[in-house]
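Heads up, the thing below is written out as structure tokens.
The values are calculated or read from the model by the stated rules, or taken from the named source; none is laboratory data. Note that the coordinates shown come from a computational prediction; the quantities given were computed from them, not determined experimentally. Cβ coordinates were reconstructed from backbone atoms using ideal geometry, including for glycine residues, and neighbour counts include every protein chain displayed.
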Amino acid sequence: MYNIDLSGKNALVFGVANQRSIAWHIARTLDQAGARIVLSYVNDRVGRSVERLGSQLSSPPVLVECDVSDDANVESAFDALASEIDGIDVIVHSIAFANREDLGGPFIDTPREGFRLALDISAYSLVSVARYAAPMMKGRGGSIITMTFQASDRVFPGYNVMGTAKAALENEVRQLAWDLGRDDIRINAISAGPVDTLSSRVISGYRDMKRAHADRSPMGRNITHEEVANTALFLCSPMSSGITGEVIHVDTGYHVMGI
Ligand code: NAD
């Protein structure tokens, strides 16, 4: 029997908004495995509910505000953290944003500004976070995890510009794996099937995507938040020490199907 023990490890989790957030489920699982949790939230308003949630962890998390749409913010968040913790072993990047009107209707109508915004927050932010995190992760056997969706390479009507962002994000995972590998930092993406969250519910066609996964995937059901969190635990543990630059599907096998 192997147990994953993350005692003595610091895990910085971006993207908790509420109790349904994938990031929250990952944070809870890493906490249960013994990691010290740092929760990063986008703004004051979200910060209050993150603070309430954080009190459910086994010890109070370090909290840090960070809006990833601005590099200066990302830099000052890591500066603030450097005085609180001695290094970072795990980063969970579980962030996406697009204007609601760009997550429905014809993709061809995506305006330039909506495209820029979605790609900036949902894809570029991983590069920015990895750059400022790397000095604090170097030589510790660190692991970065980001969240993607199969719309990176297949068409899911309604997912629109977020599919383009996920394609960019997955490419970044491969390029960052090369940049960071010699510093003993791994980076991987989890491609999750649909789960109910604040973000997923605003995608037009989300219900159809969820139904299609349940009906057509080899396992004949949807995934759970816990299945994603358990895969994240594996990816940030020594059990996955040889894996980097990878996209792991947690989708009850939906991506292998042709019909
Ligand atoms: P969520 O709404 O709970 O999480 C999205 C997070 O992004 C929120 O915490 C939000 O505050 C944060 N965020 C948005 N703009 C930000 C900014 N400028 N700076 C910092 N943080 C910002 O929804 P979720 O479904 O848990 O999404 C997490 C990740 O999982 C996303 O990348 C999403 O695309 C991905 N994903 C979700 C599903 C699903 O079905 N829910 C499936 C596959 C992948």
inquiry  = For region 195-229, give me the residue count where each residue is closer than 19 Å to VAL92 by Cβ, surrounded by 17 or more Cβ atoms within 10 Å (Cβ to Cβ) and not small (Gly, Ala, Ser).
reply    = 6
key: Given (1) within 13 Å of the ligand (Cβ to nearest atom); (2) within 15 Å of the chain's Cα centre (by Cα), index of the condition THR164 fails   = (2)
ask   = Does SER204 qualify as being under 20 Å from TYR41 (Cα atoms), of a type outside the set (Lys, Arg), out of contact with any helix residue (DSSP H, G or I) (no Cβ under 7 Å at 6 or more places or on another chain) and touching a residue at least 60 places away in the same chain (Cβ under 8 Å)?
value = no
ask   = Does any residue of region 198-217 turn out to be within 17 Å of the chain's Cα centre (by Cα), closer than 28 Å to ILE85 by Cβ, within 15 Å of the ligand (Cβ to nearest atom) and assigned to a helix (DSSP H, G or I)?
value = no
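Quick grid of which residues meet (1) buried (at least 20 other Cβ atoms within 10 Å of the Cβ); (2) over 17 Å from MET209 (Cβ atoms); (3) in contact (Cβ under 8 Å) with a residue 40 or more places away in the chain; (4) within 15 Å of the ligand (Cβ to nearest atom):
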residue: ILE145; (1), (2), (3), (4): yes, yes, yes, yes
residue: GLN150; (1), (2), (3), (4): yes, no, yes, yes
residue: VAL155; (1), (2), (3), (4): no, no, no, no
residue: ARG174; (1), (2), (3), (4): no, yes, yes, no
residue: LEU180; (1), (2), (3), (4): yes, yes, yes, no
residue: ASP184; (1), (2), (3), (4): no, yes, yes, no
task = Look through region 38-66, keep the residues that are more than 15 Å from the ligand (Cβ to nearest atom) and not hydroxyl-bearing (Ser, Thr, Tyr), and return whichever of them is surrounded by the fewest Cβ atoms within 10 Å (Cβ to Cβ).
result = PRO60
query = For region 67-90, what are the residues that are within 13 Å of the ligand (Cβ to nearest atom), among the acidic types (Asp, Glu) and free of Cβ contacts under 8 Å to residues at least 12 places away in the same chain?
reply = ASP70
note = LEU233 passes all but one of the listed conditions (1) within 26 Å of ALA35 (Cα to Cα); (2) more than 13 Å from the ligand (Cβ to nearest atom); (3) in a loop (DSSP other than H, G, I, E, B); the exception is number (3)
key: Test set (1) in contact with a strand residue (DSSP E or B) (Cβ under 8 Å, 6 or more places away or on another chain); (2) part of a helix (DSSP H, G or I) - GLU101 fails condition number   = (1)
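For region 69-77, indicate whether the set of residues that are among the β-branched types (Val, Ile, Thr), within 22 Å of ARG131 (Cα to Cα) and in a helix (DSSP H, G or I) is non-empty.
yes
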task = Could you check, for region 72-90, whether at least one of its residues is at pLDDT 95 or above, touching a strand residue (DSSP E or B) at 6+ places or on another chain (Cβ under 8 Å) and under 23 Å from PRO194 (Cα atoms)?
result = no
message = Between ALA82, ALA35, which is more than 17 Å from the chain's Cα centre (by Cα), crowded, with 23+ Cβ neighbours inside 10 Å and farther than 21 Å from GLN175 by Cβ?
response = ALA35
Residue ID - nearest to the ligand (Cβ to nearest atom), chosen from residues in region 1-37 that are aliphatic (A, V, I, L, M) and part of a helix (DSSP H, G or I) = ILE22
query = Among the residues of region 148-167, which ones are part of a helix (DSSP H, G or I) and small (Gly, Ala, Ser)?
reply = ALA151, SER152, GLY163, ALA165, ALA167
message = Criterion first (in contact (Cβ under 8 Å) with a residue 24 or more places away in the chain and part of a strand (DSSP E or B)) does VAL127 satisfy it?
response = no
note = Flagged pairs (Cβ under 8 angstrom, 6 or more apart or on separate chains; first in region 91-108, over 13 Å from SER125 (Cβ atoms) and within 16 Å of the ligand (Cβ to nearest atom); second among the hydroxyl-bearing types (Ser, Thr, Tyr) and assigned to a loop (DSSP other than H, G, I, E, B)) are ASP102/THR110; LEU103/TYR159; LEU103/SER204; GLY104/SER204
